[in-house]
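Working notes, beginning with the structure itself.
Taken together, the values in this text are just the output of simple stated rules run on the coordinates, not laboratory data. Keep in mind that this is a model prediction, so the values were computed, not measured. Every residue, glycine among them, receives a Cβ derived from its backbone with ideal geometry; neighbour counts consider all protein chains shown.
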Amino acid sequence: MIGGGPAGIRAALLAAARGAAVTLYERDRIGGRCLWEGCLPVKALLSYAKVRSAPPAPEEWRSQCRSIRSRLDMLSESMSGQLRAAGVTLVKECVSPDALPEADAVLIAAGCVSPALPAVEGKTVLGPEGLLSLPEVPASLAVVGAGPAGMELCQIFAALGSAVTVYEQADAILPGFPAEGARALEGVCREAGIRFRKGVRPELAALPQSHILLTVGGQECAFPRDAESGRVLFLGDAGGRGTTAYEAELEAERAVAALWGEAVPALTAVPRCVCGLYDLVTVGESSPRWGEAYSDGNGYAFLREEMSGFVRLYAREDGTLCGAELLLPGGAELASLLSALIRAGASAETLAGTAFFHPSHSEILRRAAMELL
Ligand SMILES: Cc1cc2nc3c(=O)[nH]c(=O)nc-3n(C[C@H](O)[C@H](O)[C@H](O)COP(=O)(O)OP(=O)(O)OC[C@H]3O[C@@H](n4cnc5c(N)ncnc54)[C@H](O)[C@@H]3O)c2cc1C
């Protein structure tokens, strides 16, 4: 097993549980990009930003970052302990792409190579991995790239008091996401004071901001993908098929099952989420038949002054749900429920007849389902 991120950890634990002698090579600390740079630190910063009413003083910010880093250290230690307890041999080593270890199977879960950060005189250029080392919240921040990471981080730093501008080379934010949801999220961000410059590839040295956060790139794996064979498999970000930790874990489970000759059903309706003041979720497929509901009909949203949300549910001709888009505070928590409903072939009628807790954001799902009846 090469790489101790979500894919490598999951595959190592499963293979060990099946009796394989597993060695996991990790060049750094266990946890991968998810733990050290992506999912966990970003979501920890988001939770912190959401409860603040004023920008943190530098000492408070540094103390928060220290606290997050120490909790990440503990998580990494706990993951290493879990792997050792399962009988996995951990080796701290950077494996060369030219010298793969000898084994019956080699699973490469080494993630992607982050692009090198250019030096720009008079400016601090950083990637997501550098955020917890910032001595203070930047007064002005350019976020380059309006993909999921850029859109999450721009909201966090705007809420923490930075003057944020997002630069995106495409004409719209969140390329690959449904246009309507992306537009609605952009509206929420603009209301929060974030500025957008779309259709531009900025010259970094010419940007007016003191700090530049690069969230673009990182698709290439250091191991040549044409090495894939029956014995050598690529998982997670290294495989270039998915870009999330939960896809990486699911891929790992499927790869291990396949190595043991088990049937692996197709993976469908994988949700994609962008978390922020409102979470944007898209799952499944669109269809010409859809029902929609808006937050302004939801008393809970009204009381909390959260009026910009919506849910759109897509159904096939026979009424079974096939896709959904939503923009709601905390909406990512609903993503997997929607995925499960779609995968189970549930109908709009089932959802419309389901009791939802009141008051809640999720009530809006029922109202959208009723529009489909
Ligand atoms: C800012 C940001 C926010 C994100 N937010 C989310 C989110 O909210 N939810 C989500 O699901 N995903 C999120 N992601 C994506 C998620 O972090 C990745 O998809 C996930 O970490 C991929 O897991 P992986 O195991 O494939 O690779 P990685 O996590 O990249 O792990 C690869 C591991 O391999 C090691 N390695 C690399 N080369 C070698 C070598 N030659 N020898 C030994 N070891 C090596 C690395 O040190 C690393 O530990 C985010 C990413 C970013 C950047």
Once every DSSP H run of n ≥ 4 in the chain is given -39500 (n - 2.57) and the sum is divided by its residues, what mean residue ellipticity at 222 nm do you get, rounded to the nearest 500 deg cm²/dmol?
-> -10000 deg cm²/dmol
Provide, for q = 0.14 Å⁻¹, the log10 of I(q)/I(0) from a solvent-free Debye sum over equal Cα point scatterers in the chain.
-> -1.28
Kirkwood hydrodynamic radius (C-alpha pairs) into Stokes-Einstein, the stretch 237-373, 4 °C and 1.567 mPa s, D in µm²/s | 82 µm²/s
Mind sorting 260, 290 by how few other Cβ atoms lie within 10 Å of their own Cβ, fewest first?
-> 260, 290
Find the centroid of the Cα atoms in the stretch 253-316 and in the stretch 1-50, then give the distance between the two in whole Å.
-> 25 Å
Take 157, 356 and order them by how many other Cβ atoms sit within 10 Å, fewest up front.
-> 356, 157
Roughly how big is the chain's charge dipole about its Cα centre, with Cβ charges of +1 (Lys, Arg) and -1 (Asp, Glu), in debye to the nearest 20?
-> 460 debye
For the stretch 124-214, what is the relative contact order in percent, using Cα pairs closer than 8 Å and at least 6 residues apart in sequence?
-> 42 percent
By how many nm would the segment from residue 86 to residue 170 grow when fully extended, if each residue of separation counts as 0.36 nm and the alpha-carbon distance is taken off?
-> 25.6 nm
Taking the convex hull of Cα positions in the stretch 124-214, its mean projected area over all directions (nm²) = 5.4 nm²
Per the Debye formula with a single identical scatterer at each Cα and no solvent contribution, what log10 I(q)/I(0) holds for the stretch 1-60 at q = 0.18, 0.29 Å⁻¹?
-> -0.70, -1.11
Cα pair distances of the stretch 219-288 binned at 5 Å [whole percent] | 3, 13, 19, 21, 18, 12, 8, 4, 1
Sticking with the crude label model, points 7 Å out along Cα→Cβ, report the distance from residue 333 to residue 200 in nm, one decimal please.
-> 3.9 nm
Just tell me, in residue order, which DSSP H segments of the chain are both 15 angstrom or longer along the helix axis (alpha-carbon based) and at least 0.0 in mean Kyte-Doolittle hydropathy.
-> 6-17, 39-50, 148-159, 245-259
